[in-house]
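The block underneath contains the structure these notes are about, expressed in structure tokens.
The values are calculated or read from the model by the stated rules, or taken from the named source; none is laboratory data. For clarity, every value in this text was computed on a predicted model and none was experimentally measured. Quick reminder, even Gly has a Cβ in these numbers, built from the backbone with ideal geometry, and neighbours come from all protein chains shown.
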Amino acid sequence: MTRINVDYYMPALQGQTDLRLHFFGMEECLPSHSWGPGLRDAYILHYVHSGTGTFTTGGTTYRLGAGQGFLIVPDMLVQYTADESDPWTYTWIGFQGVLAKTILQRAHLNASHPVYEAGLDGGFPRFYGQLRTAMEGPGGDVLSQGILYGLLGELIRDCRSSGETPRPTTSKEAYVRKAVGYIESSYSQRISIQDIARSVGLDRTYLSGLFKDQFGVSLQAFLLEYRMKRAAVLLHNLELSVSDVSRSVGYTDPFLFSKMFKKTIGSSPRAYREQQISSAN
């Protein structure tokens, strides 16, 4: 049983796939209070305000105190435990989205490097307070999104992985970020893999390999998934026909679009739309 345990769960904003705040909260733990071993389905940043505890993942255990934090990656087996004599108090922010992994990597945080130091005067406590305030008034769901971006932006600027100097962004990462930016701005057009590679000045095969290294999928698969996720959002708009949605994500052939949508999402565009309407009623 904990002394303080505050949870906020956020309603999903329609059309939100790039980055979405899912939940946040605070916990003042009792001695030896523990969670796990287990898996989470979102990215979760924890920040320790006081006390100490341990975070274990990938066979490594980190001992953390005030001003430090840790990242939980989706489907990563983790366990975290409050100290027996000096239990920690921490806040957490959970989020999802197609840009989450890329943004966190810019802060040098990933499954291999999940621990960071923000300092006692870091922005995490301030942003957490802003989130709580935002949720008390109208438009809190929208305001909270801006606060999340602000927190992650400050994390990129200030955060350093525990025990190491932040490594500079490599040219490979820069190429991938530039390619992702091109996809985000041009996915609605009839762009090809060659067009994306040309936009960053790399061979298409080499660039696809960089995407495979960073995201676990090829450049072609990344583009397809991005387009289909955007299409899924557009299908919520009942004023748009399937053909309209198809054109809006770069497909001139609605039959090919429907085939790729079903392959990626698991149901046809019409069936997906009907499912969303049914679940909303």
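Condition check ((1) touching a Leu at 6+ places or on another chain (Cβ under 9 Å); (2) among the small types (Gly, Ala, Ser); (3) closer than 30 Å to Lys178 by Cβ) across all residues:
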| residue | (1), (2), (3) |
| --- | --- |
| Gly51 | no, yes, no |
| Tyr62 | no, no, no |
| Gly65 | no, yes, no |
| Gln68 | no, no, no |
| Val73 | yes, no, yes |
| Val78 | yes, no, no |
| Ser85 | no, yes, no |
| Gln96 | yes, no, yes |
| Thr102 | no, no, yes |
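Kindly establish whether Leu77 is in the same structural domain as Leu19 (by TED's automatic domain parsing), of a type in the set (A, V, I, L, M) and surrounded by 21 or more Cβ atoms within 10 Å (Cβ to Cβ). Spelling it out, it is not the case that Leu77 is in the same structural domain as Leu19 (by TED's automatic domain parsing), of a type in the set (A, V, I, L, M) and surrounded by 21 or more Cβ atoms within 10 Å (Cβ to Cβ).
So which helices (runs of 4 or more DSSP H) stay within region 170-281 end to end and still have 3 or more residues that are closer than 30 Å to Ala111 by Cβ? Before the answer, list the steps.
On the way: elements: 171-186, 193-200, 204-215, 219-234, 242-248, 254-265, 269-280.
By residue number, 171-186, 193-200, 204-215, 219-234, 254-265.
In region 169-187, the residues that are within 10 Å of Leu210 (Cβ to Cβ) reach residues that are at pLDDT below 85 and polar (S, T, N, Q) with C-beta atoms within less than 6 angstrom, at least six apart or across chains, in these pairs: Val176/Gln214.
Note on region 80-98: residues that are in a loop (DSSP other than H, G, I, E, B) and either on the phi > 0 side of the Ramachandran plot or surrounded by 16 or more Cβ atoms within 10 Å (Cβ to Cβ) (or both) amount to 4.
Looking at region 68-87, is at least one residue among the charged types (D, E, K, R), at pLDDT 90 or above and under 17 Å from Glu117 (Cβ atoms)? Checked region 68-87: no residue is among the charged types (D, E, K, R), at pLDDT 90 or above and under 17 Å from Glu117 (Cβ atoms). Given the criteria buried (at least 16 other Cβ atoms within 10 Å of the Cβ) and farther than 19 Å from Gly97 by Cα, does Ser218 qualify? No; evaluated as a whole, the condition is false for this residue.
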